[in-house]
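*Asks:* Sharing a structure with you now.
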Amino acid sequence: MQTISSSLANKLGLFLSIPNSDLANQLDAYEKALTDLAYRWQLKAAWAGHVLLLNHILDMIINIRPQDVRNADIPVEIVEPFLTSAPLPPLSFRVNAYELMFSGRQEIQDKFAKALADYENELKFLGWRELPSALERHAYWWFEHYVHHKKYPELEQEDPQIDRESIKRAVWKFTKLLGIKSK
């Protein structure tokens, strides 16, 4: 995976008023240290250090602007500069007044739905996938099982509406999704 330190350095260098070359070197060293730490934690995914660095940066952003971000989802616009570039340009959809007047709302909504579906299919064809809707819950179970060493019966007691086998399957799938070798 390509390191993001140089682009991060440019963005953070402006923000922190630190010379870019010094910041880039510091970020490279820090990302390498996080990668080494992730490996010692048995997080052997190639991107583990990269994600830990992004997580630290997000923590910095949250602590800098708590009134905007606390108790809310982090807007994509905040993290987008730190992510790798998307394989397609953003989807845009324009409607002029005459089209709305003559076609009506439903026809325009149908056109937009088709354009959005086509865009989504193109992204999927390029290998991008939606995150599962229950991903947050699966991540929690994974963390509790592998980091806090909770057994599946304990996790089942926390979520009695979900049986042990479902939790076990979700943890296994999440491990596979992460690409982490747990043993």
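The values are calculated or read from the model by the stated rules, or taken from the named source; none is laboratory data. Quick caveat, the model's predicted, so the values are computed rather than measured. Note that we place each Cβ from the backbone using ideal geometry, even for glycine, and neighbour counts take in every protein chain shown.
*Asks:* Whether any residue in segment 71-93 is modelled with pLDDT of 80 or more and over 24 Å from the mean Cα position of the chain (by Cα) is what I want to check.
*Replies:* yes
*Asks:* Right, something else. Of the conditions (1) modelled with pLDDT under 80; (2) surrounded by 14 or more Cβ atoms within 10 Å (Cβ to Cβ), ILE108 satisfies every one except a single condition; which number is it?
*Replies:* Going through the list (1) modelled with pLDDT under 80; (2) surrounded by 14 or more Cβ atoms within 10 Å (Cβ to Cβ), ILE108 breaks only (1).
*Asks:* Test PRO153 against the stated conditions and say whether it is without any contact (Cβ under 8 Å) to a residue 40 or more places away in the chain and under 24 Å from the mean Cα position of the chain (by Cα).
*Replies:* The answer is no for PRO153.
*Asks:* If I filter segment 165-174 for residues that are outside any helix (DSSP H, G or I) and out of contact with any helix residue (DSSP H, G or I) (no Cβ under 6 Å at 6 or more places or on another chain), do I get at least one hit?
*Replies:* no
*Asks:* Based on what the data block shows, is GLU99 over 26 Å from LEU54 (Cα atoms), assigned by TED's automatic domain parsing to the domain that holds ARG164 and at pLDDT 90 or above?
*Replies:* Spelling it out, it is not the case that GLU99 is over 26 Å from LEU54 (Cα atoms), assigned by TED's automatic domain parsing to the domain that holds ARG164 and at pLDDT 90 or above.
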